[in-house]
Amino acid sequence: MIRAVTLALCVVVMGCSAAGPTWQSPLQREHPLVGRIWQTSTGRFVPQEELLTALAAADFVLLGEKHDNPDHHALQVRVLQSLIAKGRRPALRLEMVTPEQEPKLKAWLAGHPKDAAGLATVLEWQTSGWPDFGMYRPILEAALAAGLDIGAANLARATVKAMVFQGPGALDAATAERYGLQTPLEPPVQDAMQKEIMASHCNQLPQEAAVAMVMAQRARDAAMADALLQAPPGGAVLIAGNGHVRSDRGVPAHLKRRAPQRSVLAVSFVEVQKDAQTPAEFLGPEGLAADFLWFTPRLDELDPCTTFAEQLKRMKEREAPKAP
C-alpha cells in the first residue's frame, strides 16, 4: 500500500515513470548525484521511502530550497503529500509569508478554504520579490486539500530592517531573550555566517553591514522556530531557503535549544554542481548542513554576481555628478 501511494504521488507531482522523475530544471540531469538522497548522520544514500518514513515520525519537518528551482518545490509537494498519506496533519509555515500578511491570509481562507490561487493576490506575490507563485501554488493546494493550518514563518519586514540598524534593541527584551540573541555566537559560527552573507551579496557589503545582517539572520531563524513551536498540535512543516534549515545554526538549532524533547528533521534540496561529485563536497560551514540532502538538476549556470555588478555600475552612473 505504501509503495502504491508513493508511486501515485510521484506520478501526480512530478510525472515520474519507472525510470525516475521528469525533471523540470534542464542542466546536469545526468550528474551521478541527481535524484539521490544522502543521510548525513549515517554517511550513506537512502531510498526515498526510508526518508519519507523518517520524516513522518518527526515533530518538525524543515524543507529547504533554492527558491527558483521548480524541482525543489515539486519535491516539497511530494514530501507534504506523503506526510498526509501517512496520517499526519502538520501545520504549514512559510518563509514567504510575514506576520503582517497573516491576518489577510487567514481572512481569505476563512471564506475561500480551498482557493490557493487567490492567495497570490492576497499576499501581493507579484511585487513580493519571491519567484513565480505557480511554483508554490501546488504546495498550498496540497495543504488546503488536507485541511492543514497555513501561516507565516518569517519575521516582519520592518523588524528585519530595524534589526540591521539596531541589533537586538529592535526587539523587546523578552523576545530577544527567547530568540537567544543576547548570547554571542562562537567565533567560527559568526565568521561562517558573515562569509555566507558576504558571498550572497557578491562581496560588495562593508564588513560592519555583514555583522549587522548576521544578527538579523539569527532573528529570522529564531522567528521561524517560534512559528513552528506556536503551531497547533500535530507538528509543523517549514518551507524556507536552504540557509534557514541548516541543522548547525539555522532554525533546527533554535528548535533543539528551546524544545529538546521535540524531534526535528531537515531536508535540503540541492542543485548539483559539475565540479562536485560527492555529497561531502556540498557540506561544511560554508556549504550545507542538513539531516538529508536531496540532489536535483540545476536550473541555470548564471552568475548572479555578474548581474549584481551591472546593477551597481548603473546605480553609480546615475548617482555620479553630471558635467556642467
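No lab work stands behind these numbers, since they all come straight from the coordinates. All values derive from a computational prediction rather than experimental measurement. Using ideal geometry, Cβ is built from the backbone for each residue, glycine included, and neighbour counts are taken over all protein chains shown.
Between amide H atoms placed 1.01 Å from N, distances below 5 Å from Thr296 occur with Gly35, Val270, Glu271, Val272, all of them 5 or more places distant or on a separate chain.
Note the full-extension length gain between Asp191 and Leu27 as 0.36 nm times their separation in residues minus their Cα-Cα distance, in nm to one decimal.
55.8 nm
Need the list of aspartates and glutamates near Lys104 for cross-linking: C-alpha distance under 19 angstrom, and skip anything on the same chain fewer than eight residues off. By straight Cα distance, Lys104 reaches Glu95, Asp115, Glu124, Glu141, Asp149. Relative to the longest principal axis of the Cα atoms of the chain, the long axis of helix 133-145 makes an angle of roughly 50 degrees.
Neighbour counting of Cβ atoms within 10 Å sorts the residues Trp23, Trp294, fewest neighbours leading, into Trp23, Trp294.
Order of Thr40, Thr98, Thr127 from fewest to most other C-beta atoms within 10 Å?
Numbers: Thr40 18, Thr98 21, Thr127 7.
The fewest-first ordering by Cβ neighbours comes to Thr127, Thr40, Thr98.
Relative to the longest principal axis of the Cα atoms of the chain, the long axis of helix 157-166 makes an angle of roughly 40 degrees.
Packing order of peptides 242-252, 149-159, highest average first: 242-252, 149-159 (average count of other Cβ atoms within 10 Å over each peptide's residues). The relative contact order of the chain comes to 30 percent, based on Cα pairs under 8 Å that sit 6 or more residues apart. Give me the angle, in degrees from 0 to 90, between the Cα long axis of helix 187-200 and the longest principal axis of the Cα atoms of the chain, rounded to the nearest 10. So the inclination is approximately 90 degrees.
Summarising the amide proton neighbourhood of Asp132: residues at separation of 5 or more, or on other chains, whose placed amide H is nearer than 5 Å comprise an empty set.
Compute the length gained on full extension between Arg258 and Glu177: take 0.36 nm times their separation in residues and subtract their Cα-Cα distance, giving the result in nm to one decimal.
Net length gain for the segment: 28.0 nm.
Placing pseudo-labels 7 Å out from each Cα toward the beta carbon at Gln277 and Glu100 gives an inter-label distance of 5.1 nm.
Full extension from Cys305 to Ala117: what is 0.36 nm times the residue separation minus their Cα-Cα distance, to one decimal in nm?
Gain in length upon complete extension: 64.4 nm.
What pairs in Lys114/Lys195; Lys86/Lys106; Lys161/Lys274; Lys66/Lys114; Lys161/Lys256 have C-alpha atoms more than 32 Å from each other? Intermediate values should be presented prior to the final figure.
On the way: Lys114/Lys195 42 Å; Lys86/Lys106 26 Å; Lys161/Lys274 37 Å; Lys66/Lys114 27 Å; Lys161/Lys256 27 Å.
Over 32 Å apart, Cα to Cα: Lys114/Lys195; Lys161/Lys274.
Based on DSSP H segments of at least four residues, each scored -39500 (n - 2.57), the chain has a per-residue ellipticity at 222 nm of -13500 deg cm²/dmol. A simple rule links phi to the HN-Hα coupling: the Karplus curve 6.51 cos²θ - 1.76 cosθ + 1.60 with θ = phi - 60°, which for segment 176-181 gives 4, 5, 4, 6, x, 7 Hz, with x for Gly and Pro.
Approximating the spin labels as points 7 Å out from Cα along Cα→Cβ, the Arg89-to-Phe165 distance works out to 4.5 nm. Near the amide H of Ser263, within less than 5 Å, lie the amide hydrogens of Asp59, Phe60, all on another chain or at least 5 residues away, with H placed in the peptide plane. Modelled label positions at Ser41 and Trp108, each set 7 Å beyond Cα in the direction of Cβ, lie 3.7 nm from each other. Sequence-ordered 3J(HN,Hα) estimates for segment 232-247 from the Karplus curve with 6.51, -1.76 and 1.60 and θ = phi - 60° stand at x, x, x, x, 7, 10, 10, 10, 7, x, 4, x, 7, 9, 4, 6 Hz, glycine and proline given as x.
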